[in-house]
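**Q** Quick one: structure below, then a few questions.
The values are calculated or read from the model by the stated rules, or taken from the named source; none is laboratory data. Keep in mind it's a predicted model, so treat the numbers as computed, not measured. Backbone-built Cβ (ideal geometry, glycine too); neighbour counts: all protein chains shown. Note: accessible area is taken over every heavy atom of the protein model, side chains too, but ligands, DNA and RNA are not part of it. Shrake-Rupley method; radii C 1.70, N 1.55, O 1.52, S 1.80 Å.
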Amino acid sequence: MKITDDILKALQKSINSFGSMSEFSRRTNVRIETLSRFLSRKTLSIRQETWDKLYPLLQPHLNTPREITNEMKAEPPQYMPPDRPRMSHDLASLNSDEKILLDAFAALPKELQNRKLLEIVELAKQQLQSEKN
């Protein structure tokens, strides 16, 4: 769905009503980075999955909720691949070190990712075994 001026204003009002973007992000389960891209107009459309999370909180602030709802029903869902694979379902709750680690891991070739995962699993097994003894 295209981000209209009305949607942008409703998004800003909704965020303000929660006191912070991080609280709004937590309540909607939409990443802060995604919300920031909407507000800065770096992203021009909202995926259906994201719209479904945002709409209940935006609806009171929209000037034309019926038109938008009808438009969403008429518009077939479109697949828009993410900028990069999402490694966690709740990035907003991660600390900066965890985010850096995920970004670094995502940059590795798939084969190396698989090897490192196997190494980590093996280390975890060893740790659990040593704790039992």
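**Q** Within segment 23-38, can you find the residues that are of a type in the set (Ser, Thr, Tyr) and out of contact with any helix residue (DSSP H, G or I) (no Cβ under 6 Å at 6 or more places or on another chain)?
**A** Thr34, Ser36, listed by residue number.
**Q** Scan segment 2-9 and tell me whether some residue there is closer than 30 Å to Leu117 by Cβ and either in contact with a Phe, Trp or Tyr (Cβ under 9 Å, 6 or more places away or on another chain) or at pLDDT 90 or above (or both).
**A** Within segment 2-9, not a single residue is closer than 30 Å to Leu117 by Cβ and either in contact with a Phe, Trp or Tyr (Cβ under 9 Å, 6 or more places away or on another chain) or at pLDDT 90 or above (or both).
**Q** Which pairs have Cβ atoms under 6 Å, sit 6 or more apart or on different chains, and link a residue in segment 32-52 that is free of Cβ contacts under 8 Å to residues at least 60 places away in the same chain and under 15 Å from Lys2 (Cβ atoms) to one that is outside any helix (DSSP H, G or I) and open to solvent by 60 Å² or more (accessible area, probe 1.4 Å)?
**A** Note: pairs meeting the criteria are Ser45/Lys2; Gln48/Pro77.
**Q** For the structure I just gave you, tell me whether Leu128 is aliphatic (A, V, I, L, M), open to solvent by 60 Å² or more (accessible area, probe 1.4 Å), modelled with pLDDT under 90 and not in a loop (DSSP other than H, G, I, E, B).
**A** Taking the combined requirement at face value, the residue satisfies it.
**Q** Moving on to the next point. For segment 31-51, name all the residues that are polar (S, T, N, Q), part of a loop (DSSP other than H, G, I, E, B) and under 12 Å from the mean Cα position of the chain (by Cα).
**A** Once the filter is applied, which keeps residues that are polar (S, T, N, Q), part of a loop (DSSP other than H, G, I, E, B) and under 12 Å from the mean Cα position of the chain (by Cα), segment 31-51 yields nothing.
**Q** Of everything in segment 5-15 that's touching a helix residue (DSSP H, G or I) at 6+ places or on another chain (Cβ under 9 Å) and without any contact (Cβ under 8 Å) to a residue 40 or more places away in the chain, which residue is nearest to Lys99 (Cα to Cα)?
**A** By that ranking, first place goes to Ile15.
**Q** I need the full set of residues from segment 7-26 which are over 19 Å from Asn95 (Cβ atoms), among the small types (Gly, Ala, Ser) and surrounded by 14 or more Cβ atoms within 10 Å (Cβ to Cβ), in order please.
**A** Scanning segment 7-26 gives Ala10, Ser14.
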